[in-house]
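For reference, the structure discussed in these notes is given below.
The values are calculated or read from the model by the stated rules, or taken from the named source; none is laboratory data. Predicted, not measured: the structure shown is a model, and the values here were computed from it. Here the Cβ is made from the backbone with ideal geometry for all residues, glycine too, and neighbour counts use every protein chain on show. Calculation scope for accessible area: heavy atoms of the full protein, side chains included, ligands and nucleic acids excluded. Shrake-Rupley method; radii C 1.70, N 1.55, O 1.52, S 1.80 Å.
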Amino acid sequence: MTSLSILDLCDVGNEGLALRFAAEEFGYLTQYYPIGAPSHIGEALERSKGSAVTLLCCHGDEDGLVMPELADELYESEPFRGALSPTKLTNHI
């Protein structure tokens, strides 16, 4: 059975869960990681290393992957703020 990790960065809708349910119907062993804060990305990527496939469910713009917005005080303990650019991702992991 092929393993699939889904990192769900979408804060609107249920796209990540829909992908999970569809993949399971096709026989994939899935791990679902909802991403609510920037610090969750590194943790989820670390956990997904054993998967044959890692899928990022997200939206992007010219700045990078769009991250859910947090309250200002929550960003004090986070590694970055705003969109997840390739540079931020490289520095984060």
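In table form, for the structure just shown:
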read-out: Heavy-atom accessible area per residue - the chain, 1.4 Å, Å²; value: 64 Å²
read-out: Separation between Cα centres of region 56-92 and region 1-37, rounded to whole Å; value: 20 Å
read-out: In degrees, nearest ten, helix 38-47 long axis to first principal axis of the chain (Cα); value: 30 degrees
read-out: Solvent accessible area, Å² - residue 66, 1.4 Å probe, full protein context; value: 60 Å²
read-out: C-alpha long axis of helix 15-25 to longest principal axis of the chain, angle in °; value: 20 degrees
read-out: Radius 12 Å from Cβ of residue 69, net charge of other residues (Lys, Arg +1; Asp, Glu -1); value: -2
read-out: Rg/Rh for the chain, where both radii come from Cα atoms and Rh is the Kirkwood radius; value: 0.99
read-out: Ranked order, 1, 67 - accessible area, probe 1.4 Å, largest first; value: 1, 67
read-out: Protection proxy ranking, peptides 69-81, 22-34, average beta carbon neighbours within 10 Å, highest first; value: 22-34, 69-81
read-out: By average C-beta atoms within 10 angstrom, highest first, the peptides 58-64, 43-49; value: 43-49, 58-64
read-out: The chain, accessible surface, carbon-and-sulfur percent (1.4 angstrom probe); value: 53 percent
